[in-house]
Amino acid sequence: GTGHPEWIWRSGELVPWEQAAVHVNAVGHASVAAVFEGIKAYLAADGRRLLVFRLEDHLRRLADSARLCRLSLPYSGAELGAAAVELLAVNGYREDAYLRPWAFPRGIIREQMVPAEAACEVVIDSWPFRSALDKERGCRAAVSSWLRVSESSMPPRAKAFSNYHNGRLAMMEARENGHDWPVMLNERHKVSEGAGACLALVRDGVVVTPSLGSGVLPGITRDTALTLLRGLGFPVEEREVDRSELHLADEIFFMGTAWEILPVTTIDGLTVDDGTPGPVTRALSGAYGRLMRGEDDTHPEWITEVPLS
Ligand code: PMP
């Protein structure tokens, strides 16, 4: 394909993708204050609908991120939700798609100290989603020397572009050392999260994940996974987690919109159990997949249906 969809949503209207331009001075400095979301629409198992997963919750987090970053969003969650659905329909996806709403200060910005009153543009981009991650092989993770941004430097609860420089440096360090992904500790040196996903471990059948006060992004997959795990009968603990607990874990997995449920097979070079995805991870991954494809209708409040034209 041409590498881009036909339409992009920009500040209230659908615009042909090539025409959604800005002046070069509208990028760079403005990104200091920009926030975004990552949302997935799944092709239902029946092949007749796209199912947007937890659209309202993602848009609520976009509004929270904007508030934390002192940006004022000119659209409500309901308006952006309707726009996202329309965008999926006009672009005619018949496969999984990724939605990327983001907001940034409008116009020519030549300084980083973007005022809170700055008018904001909101854009929703989209593209076909094909995961490059191998869920069977899992991934090798390692604790990073970079600490996760703390409440006393930048709000970790915001999905702000600026925060991603933190995860990016950690990711590069992990790759340079022969691992796939970093695990970041927080300023108290407790386990926080990965570079683009939250994390949980299993020991003796109990699922443990760092609490929201551990410097994590309030992950929607994290919340979904904890709900599913409780439904499957596994005890779940949200609390501070020590690095040694990772080393003693029977299972470790990442949780994120793009990553879904990704098993961790080595941590700091130590093999997690026998180095293959464990039973809790598999059970969760299966339940998550059925939910995404519309084969489990126990959470209708999480699904926005887009009929295929
Ligand atoms: N942490 C970070 C830093 C992320 O970028 C993401 C992906 N949005 C997550 C956690 C997981 O969040 P979610 O499950 O809502 O995608």
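Here are a few things to note about the model shown:
- For the options Glu121, Glu251, Glu79, a Gaussian network treatment of the chain with springs between C-alpha atoms closer than 10 Å singles out Glu79 as fluctuating the most.
- Placing pseudo-labels 7 Å out from each Cα toward the beta carbon at Ala283 and Asn177 gives an inter-label distance of 3.2 nm.
- Taking the chain and dividing mean pair separation by its residue count, relative contact order in percent (alpha carbons under 8 Å, at least six apart): 21 percent
- Computed over segment 1-135: relative contact order in percent, which uses C-alpha pairs under 8 Å that are six or more apart: 34 percent
- For Gly194, residues with placed amide H under 5 Å, excluding near neighbours: Met184, Leu199
- Estimated FRET transfer efficiency (Ser11, Ser309; beta-carbon r; R0 22 Å; 0.05): 0.30
- Our helix-only sum for the chain, with -39,500 (n - 2.57) per DSSP H run of n ≥ 4 divided by its residues, gives a mean residue ellipticity at 222 nm of -7500 deg cm²/dmol.
- Cα-centred dipole magnitude for segment 7-128, charges only on beta-carbon of K, R (+1) and D, E (-1), debye, nearest 20: 160 debye
- Cut-off under 5 Å, modelled amide H: who pairs with Glu121 long-range: Phe104, Arg106
Computed from the coordinates by the stated procedures, all read-outs in this text should not be read as laboratory data. These numbers were taken from a predicted model, which means no experiment stands behind them. Note that we place each Cβ from the backbone using ideal geometry, even for glycine, and neighbour counts take in every protein chain shown.
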